[in-house]
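A.B. asks: Input: one structure, supplied below.
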Amino acid sequence: MAKTDPYAALRFKEFNIFLLVRFALVFGWSMQFLVIEWQVYDITNSKLSLALIGLCEFIPAFFLAPSAGHIVDRKEKRNLFILCITLFSLISFGLFWLTSEQVEANWSANSILIGIYSLVFFGGVLRAFFGPTIFSLIALIVPKSAYPNAATWSSSTWKGAAVFGALCGGFLIAWIGVHYTLGIIFGLVMLALVLVFQIGKKPILNKAINESMKESLISGIKFVFNDKVILGALTLDMVAVLFGGAVAIFAVFAKDVLDAGPKGFGILNAALSSGSIITMVATTYIPITKNTGKKLLTAVFGFGVFMIIFGASKLLWLSVIALFCSGVFDGISMVVRQTILQLKTPDHMRGRVGAVNSMFVGSSNELGAVESGVAARIFGAPLAVVLGGSVTLLVVAIMSLKNKPLRELDLQQDVEEHYDEVKN
């Protein structure tokens with residue numbers, strides 16, 4: 001396996017199956033989130049209703065994450081993944097049913113909204129387990145020497161699915177409506193459930209069977225907070241997503257600012273993700289493990305700059321370009337963060353570290369949706385995005401000055417050491 005082999009991780013059959021499963025799930029999840037946002041905003045015409053969607057998913061995802069990490073480290077990962085997908089299929093079917101003509105004819109708008117919010121909350125519970133399960137499973141499918149390449153392909157698959165999910169979601173709403181779009185999503189989840197059985201069961205690497213949940217949680221949190229590189233990387237991504245992101249209010253921009261309709265809504269979502277996927281595919285051929293810390297800081301800074309441009313734009317073409325460029329920098333940031341976590345995390349703690357990662361970054365998507373909705377209500381959507389991007393730039397500046405280990409991080413030596421271990 002060559003050090004620069006761009007297909008190193010793809011040479012393992014189970015990893016290819018894992019990528020197909022992840023693509024189907026993320027494609028469906030991205031469309032589902034977009035469709036829910038559109039449906040709720042269409043029913044309520046309220047920016048705060050969009051914030052409530054994020055809050056319903058954030059609360060369980062954040063507060064259950066530590067316990068989920070403890071459970072993931074003690075359970076067999078493949079079967080746990082199967083259970084998560086099975087439960088996700090119930091959510092998808094529930095949303096499909098809630099948007100049927102029969103329900104819309106016999107239920108009040110408030111009842112339908114309560115049903116949607118309840119299923120979103122249940123989805124937040126699953127999100128607490130999905131993140132650490134996937135993070136742990138990757139390390140059991142490929143050897144350590146292929147971790148950086150696997151992280152790149154996994155992130156690229158995630159973003160690629162988000163691209164097509166967002167794009168197709170917007171167009172499918174216009175072409176076949178919300179109900180049938182959710183039916184397609186349910187079919188994708190069922191496809192993922194069938195595929196995941198092609199991955200074999202994996203060993204449980206956490207041997208601390210007598211460790212209490214409290215001790216387990218404390219050890220996982222201490223590990224992250226004592227490592228300035230991991231903590232810094234997670235903090236940067238959290239701030240970028242929490243304050244710099246604006247995905248939750250793209251519906252507001254599409255309808256009220258840019259007058260672009262549902263197709264424009266899909267294009268805005270796809271523009272951000274398409275920049276990321278192009279960058280991440282490029283990094284499989286041009287590794288970014290050298291001067292890693294400086295590249296991470298630069299990437300998050302660039303993301304913030306172009307989000308400010310997007311917030312200030314009143315033109316659809318300029319907004320699309322700004323989001324695409326933001327996606328390019330976001331793609332670099334994601335690959336670097338995932339590589340750092342895969343290389344720096346001990347095998348027996350992957351569930352807990354993955355859970356902390358979900359708390360910092362995964363849950364910040366939902367909390368960011370709350371922040372975006374509230375800020376858009378107070379300041380208006382354009383100013384809210386500009387202010388969020390400015391906060392991102394400020395945090396990058398502070399991190400550059402205060403976190404020397406992250407600023408000087410270079411992962412090239414770690415990658416070469418793991419390669420030499422396999423070679424010998």
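The values are calculated or read from the model by the stated rules, or taken from the named source; none is laboratory data. Given the structure is predicted, the values throughout are model-derived calculations rather than measurements. With ideal geometry, Cβ positions are generated from the backbone for all residues, glycine too; neighbour counts draw on all protein chains shown. Heads up: the accessible areas ignore ligands, DNA and RNA and are worked out on the full protein's heavy atoms, side chains in. Shrake-Rupley method; radii C 1.70, N 1.55, O 1.52, S 1.80 Å.
A.B. asks: G200: in contact (Cβ under 8 Å) with a residue 24 or more places away in the chain, out of contact with any Lys or Arg (no Cβ under 6 Å at 6 or more places or on another chain), part of a loop (DSSP other than H, G, I, E, B) and open to solvent by less than 50 Å² (accessible area, probe 1.4 Å), yes or no?
C.D. replies: The answer is yes for G200.
A.B. asks: Quick one: in the stretch 101-112, of everything that is open to solvent by 20 Å² or more (accessible area, probe 1.4 Å) and touching a residue at least 60 places away in the same chain (Cβ under 8 Å), which residue is nearest to N357 (Cα to Cα)?
C.D. replies: The residue in question is A109.
A.B. asks: When you check K228 against the structure, is it surrounded by fewer than 23 Cβ atoms within 10 Å (Cβ to Cβ), over 30 Å from T289 (Cβ atoms) and out of contact with any Gly (no Cβ under 6 Å at 6 or more places or on another chain), yes or no?
C.D. replies: no
A.B. asks: Out of all the residues in the stretch 174-191, is one or more open to solvent by 40 Å² or more (accessible area, probe 1.4 Å), among the aromatic types (F, W, Y), touching a Lys or Arg at 6+ places or on another chain (Cβ under 8 Å) and touching a residue at least 24 places away in the same chain (Cβ under 8 Å)?
C.D. replies: Checking the stretch 174-191: not a single residue is open to solvent by 40 Å² or more (accessible area, probe 1.4 Å), among the aromatic types (F, W, Y), touching a Lys or Arg at 6+ places or on another chain (Cβ under 8 Å) and touching a residue at least 24 places away in the same chain (Cβ under 8 Å).
A.B. asks: Do you know which residues across the stretch 267-293 are touching an Asp or Glu at 6+ places or on another chain (Cβ under 9 Å), within 16 Å of Q412 (Cβ to Cβ) and either modelled with pLDDT of 75 or more or not β-branched (V, I, T) (or both)?
C.D. replies: K290, N291, T292, G293
A.B. asks: Could you pull out the residue among A270, A254, A260 that is touching a residue at least 40 places away in the same chain (Cβ under 8 Å) and surrounded by 21 or more Cβ atoms within 10 Å (Cβ to Cβ)?
C.D. replies: A270
A.B. asks: Is it the case that some residue within the stretch 328-339 is out of contact with any helix residue (DSSP H, G or I) (no Cβ under 9 Å at 6 or more places or on another chain) and in contact (Cβ under 8 Å) with a residue 12 or more places away in the chain?
C.D. replies: Scanning the stretch 328-339 turns up no residue that is out of contact with any helix residue (DSSP H, G or I) (no Cβ under 9 Å at 6 or more places or on another chain) and in contact (Cβ under 8 Å) with a residue 12 or more places away in the chain.
A.B. asks: From the list F301, F265, F324, pick out the single residue that is within 23 Å of Q32 (Cα to Cα), open to solvent by 60 Å² or more (accessible area, probe 1.4 Å) and out of contact with any Cys (no Cβ under 8 Å at 6 or more places or on another chain).
C.D. replies: F324 is the lone residue from the list that is within 23 Å of Q32 (Cα to Cα), open to solvent by 60 Å² or more (accessible area, probe 1.4 Å) and out of contact with any Cys (no Cβ under 8 Å at 6 or more places or on another chain).
A.B. asks: With the checklist (1) open to solvent by 60 Å² or more (accessible area, probe 1.4 Å); (2) in a helix (DSSP H, G or I) in hand, flag the one item S216 doesn't pass.
C.D. replies: (1)
A.B. asks: Can we say F121 is open to solvent by 10 Å² or more (accessible area, probe 1.4 Å), touching a residue at least 12 places away in the same chain (Cβ under 8 Å) and closer than 25 Å to F58 by Cβ?
C.D. replies: Yes; evaluated as a whole, the condition is true for this residue.
A.B. asks: For the stretch 378-403, what are the residues that are free of Cβ contacts under 8 Å to residues at least 24 places away in the same chain and over 28 Å from I249 (Cα atoms)?
C.D. replies: Across the stretch 378-403, the qualifying residues are L401, K402.
A.B. asks: Could you grab the pairs with beta carbons closer than 8 Å, sequence gap of 6+ or different chains, first residue in the stretch 156-168 and touching a residue at least 12 places away in the same chain (Cβ under 8 Å), second one among the polar types (S, T, N, Q) and surrounded by fewer than 24 Cβ atoms within 10 Å (Cβ to Cβ)?
C.D. replies: Filtered contacts from the stretch 156-168: S156/T284.
A.B. asks: Moving to a separate point now. Please find, within the stretch 359-406, the residue that is modelled with the lowest pLDDT out of those that are open to solvent by less than 30 Å² (accessible area, probe 1.4 Å) and farther than 16 Å from V239 by Cβ.
C.D. replies: The qualifying residue modelled with the lowest pLDDT is G373.
A.B. asks: For F33, only one of the following conditions fails: (1) within 18 Å of G187 (Cα to Cα); (2) touching a residue at least 24 places away in the same chain (Cβ under 8 Å). What is its number?
C.D. replies: Looking at each condition in turn, F33 falls short on (2).
A.B. asks: Please determine whether any residue of the stretch 276-297 is of a type in the set (S, T, N, Q), open to solvent by 10 Å² or more (accessible area, probe 1.4 Å), under 17 Å from the mean Cα position of the chain (by Cα) and closer than 28 Å to S390 by Cα.
C.D. replies: Yes, some residue in the stretch 276-297 is of a type in the set (S, T, N, Q), open to solvent by 10 Å² or more (accessible area, probe 1.4 Å), under 17 Å from the mean Cα position of the chain (by Cα) and closer than 28 Å to S390 by Cα.
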